[in-house]
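Okay, so here's the structure we're looking at.
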Amino acid sequence: MSSLNKFRRINTIEGYSFLILVFIAMPLKYAFGFPIATKIVGMIHGGLFIWFVIQLIESSKEVPFSLKDSLKFFILSLIPFGSFYTEKLCKDKIA
């Protein structure tokens, strides 16, 4: 599997983990007093985010992404639903 395909896959998984953290785990913690939800999901999301950054670096060597594109992908990963826009941009890169 190419680095770009790995990046696209981890981008999607990391995006879903971010949405689960923001829209499920955080309400469980703050609305229902269940703090373990954010600890578990937050740790998983953190690991996926690190993997995302590593794959971003690896795929930027293969494709190559410009520094502007790499920064754009990184910033989009910090915004809910931003990872799904990154997927669209990646498809445009290889098309």
Exercise for the section: Could you check, for the range 10-24, whether at least one of its residues is buried (at least 18 other Cβ atoms within 10 Å of the Cβ), among the β-branched types (Val, Ile, Thr) and touching a Gly at 6+ places or on another chain (Cβ under 9 Å)? Expected result: no
Handout entry: Candidate set: the range 26-70, residues that are polar (S, T, N, Q) and buried (at least 16 other Cβ atoms within 10 Å of the Cβ); chosen: the one farthest from the chain's Cα centre (by Cα)
Key = THR38
Completion exercise
Restricted to the range 71-94 and to residues being closer than 16 Å to SER3 by Cα and of a type in the set (Lys, Arg), the residue surrounded by the fewest Cβ atoms within 10 Å (Cβ to Cβ) is LYS91
Practice task
Please find, within the range 64-95, the residue that is nearest to ILE20 (Cα to Cα) out of those that are touching a residue at least 60 places away in the same chain (Cβ under 8 Å) and hydrophobic (A, V, I, L, M, F, W, C).
Solution key: PHE81
Exercise for the section: Pick out, from the chain, the helices (runs of 4 or more DSSP H) lying fully within it that include 3 or more residues that are at negative phi and hydroxyl-bearing (Ser, Thr, Tyr). Expected result: 3-20, 36-62, 82-94
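Computed from the coordinates by the stated procedures, all read-outs in this text should not be read as laboratory data. Keep in mind that what you see is a predicted model, and the values were worked out from it rather than measured. Positions of Cβ are backbone-derived with ideal geometry, glycine not excepted, and every protein chain shown enters the neighbour counts.
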